[in-house]
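Enquirer: Would you mind keeping the following structure in view while I ask a few things?
The values are calculated or read from the model by the stated rules, or taken from the named source; none is laboratory data. It should be emphasised that the depicted structure is a prediction, and the values quoted were computed from it without experimental measurement. Note that we place each Cβ from the backbone using ideal geometry, even for glycine, and neighbour counts take in every protein chain shown. Protein only, heavy atoms only, side chains kept; ligands, DNA and RNA dropped before computing areas. Shrake-Rupley method; radii C 1.70, N 1.55, O 1.52, S 1.80 Å.
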Amino acid sequence: MEYSNGIKKLPPYVFVDLDRKKKAAIAAGRDIINLGIGDPDKPTPKSIIRYFKKCVDKPENHQYPIGRGTTTFRQSVVDWMKKRFNVVITPAEVECLIGAKDGITHLPLAFLNPGDIVLVPDPGYPGYTSGTYLAGGETYVMPLEAKNKFLPDLEAIPEEIYNKVKIMWLNYPNNPTSAMADRKFYEKVISYAKKYDFIAAQDAPYSEIYFGKPPMSILEIEGAKEHVVEFYSMSKTFNMTGWRIGFAVGGEKIINGLAAVKENMDSGTFTAIQDVAGWALLNCDREAAKIRRLYKRRAGVFTKGLRKLGYEVLKSQGTLYLWVRVPGSMKSMDFCSMVLDKGDMVVTPGIGFGKYADGYFRIALTVDEPLIHKALDRFAKLKI
Ligand SMILES: Cc1ncc(COP(=O)(O)O)c(C=O)c1O
């Protein structure tokens, strides 16, 4: 029995060794500080849980949710897009998702034929590549480099590649670099998307985790909608990673394509979760601001401490992460292994996000301040 070509092409899971070491260290009773995973340590806000309890009591919420999302949920997204970005869309331009990952990995199935190309950022979320391969497409890597403020160099992509491109993945605020993109960049993206007729797909689960000016939506650019889809998520905005809900917004044709794939793959998100998510988008700005402040504070404390120790830490502009240069000439995997062996800390090697990221490692800001100080003491003892 043979696996499909798509499965065979899936990139190897580079964290296997590190993961094994981490599990062994924990099993051996070592006091490991986990700065690896981007999963919020705080619970979902109490107001959201309270509202959910009411939604779950409604029998009409207990049947198959089926379809693109309830009318109420999609209208809440429409209202949120207007409130947050001053962008006007219709419910037909919204699709409820089982988290942003659902939309990211299924979008290529709606638009790729063999030989079509998807532009993926490096470093980047692995779902852009795996979704492409599983749909039978090819990827072309767009390096994100410090010299370009971690934006892809659109001029560097050859014309013969652009001619085959169906989707360009973007992710701002960016995981893992925490970089932001500006209007000028998005305008350029849209001009290329129109010229070569591709989809500019913005993965924006960190849209509400920003430490300065709120990031914009690409849909704010006039005339962009036909070529844009954006993926938002409740996961990080409201500490709701386990609830599995997000949404896609964008051109109706793109949303229709994604919906056609999903209609044949899943039966939607629990209606009670859609109800509470729609309500939270419109009623929980204070809770979102509190979460934002928490990460901003942690980012500040951690950055200051690491810089004092001589680490080169990029100024964090948002997300749950710090992006730090691996000191000396070590490879990121070797450095992270050493941090685990000698420092009892889990941090993520850049290589896990792509070959252009091997000079960096990522720290997740998902531990409280006393633990950040403890981690800094451990970094200090590593004597880099
Ligand atoms: C860049 C990026 N995209 C997508 C996701 C998936 O988000 P969701 O929980 O909404 O599926 C994550 C989760 O960490 C992420 O970092």
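Enquirer: Taking the DSSP beta bridges in the chain as the whole, what percent of them are antiparallel, to the nearest 5?
Expert: Of the beta bridges lying entirely in the chain, close to 50 percent run antiparallel.
Enquirer: Ignoring everything except DSSP H segments at least 4 long, calculate the 222 nm mean residue ellipticity for the chain; use -39,500 (n - 2.57) per segment, divide by total residues, nearest 500.
Expert: Helices in the chain give a 222 nm mean residue ellipticity of -12500 deg cm²/dmol.
Enquirer: Then there is this: Which longest uninterrupted range of the chain lacks any GluC sites (Glu not before Pro) assigned by DSSP to a loop state (not H, G, I, E or B) and surrounded by at most 11 other Cβ atoms within 10 Å?
Expert: 3-221
Enquirer: Considering amide H positions built from the backbone, and no H for Pro or chain starts, which residues 5 or more places from Lys331, or on another chain, come under 5 Å of its amide H?
Expert: none
Enquirer: Is there a quick way to get the dipole size of the chain? I mean about its Cα centre, with the Cβ of Lys and Arg at +1 and of Asp and Glu at -1; what is the value in debye to the nearest 20?
Expert: 1620
Enquirer: Follow-up. Out of the total accessible area of segment 201-288 (probe 1.4 Å, heavy atoms of protein only), what percent is carbon and sulfur?
Expert: Reported share for carbon and sulfur atoms: 47 percent.
Enquirer: Of all accessible surface on segment 37-116 at a 1.4 Å probe, what whole percent is carbon and sulfur?
Expert: In segment 37-116, the share of accessible area belonging to carbon and sulfur is 57 percent.
Enquirer: OK, next. How much area per residue is accessible in segment 46-284 when the probe is 1.4 Å and only protein heavy atoms are counted (Å²)?
Expert: Ligands and nucleic acids excluded, the result is 41 Å² per residue.
Enquirer: Please name which of Met168, Ile254, Thr72 has its Cα lying farthest along the dipole of segment 46-284 towards the positive end, using unit charges on Cβ (Lys, Arg +1; Asp, Glu -1) and the Cα centre as origin.
Expert: Thr72
Enquirer: With 23 Å as the limit, write out which pairs from Lys149/Lys374; Lys82/Lys315; Lys164/Lys262; Lys290/Lys315; Lys9/Lys101; Lys188/Lys355 have Cα-Cα distances beyond it, or answer none.
Expert: Violating the 23 Å limit, Cα to Cα: Lys149/Lys374; Lys82/Lys315; Lys164/Lys262; Lys188/Lys355.
Enquirer: Which one of Met216, Tyr360, Ala181 has its Cα pushed farthest toward the positive end of the charge dipole of the chain, where Lys and Arg give +1 and Asp and Glu give -1 at the Cβ?
Expert: Towards the positive end, the residue furthest out is Tyr360.
Enquirer: With an 8 Å cut-off on Cα pairs and a minimum separation of 6 or more residues, tell me the relative contact order of segment 46-284 in percent.
Expert: Reported relative contact order: 29 percent.
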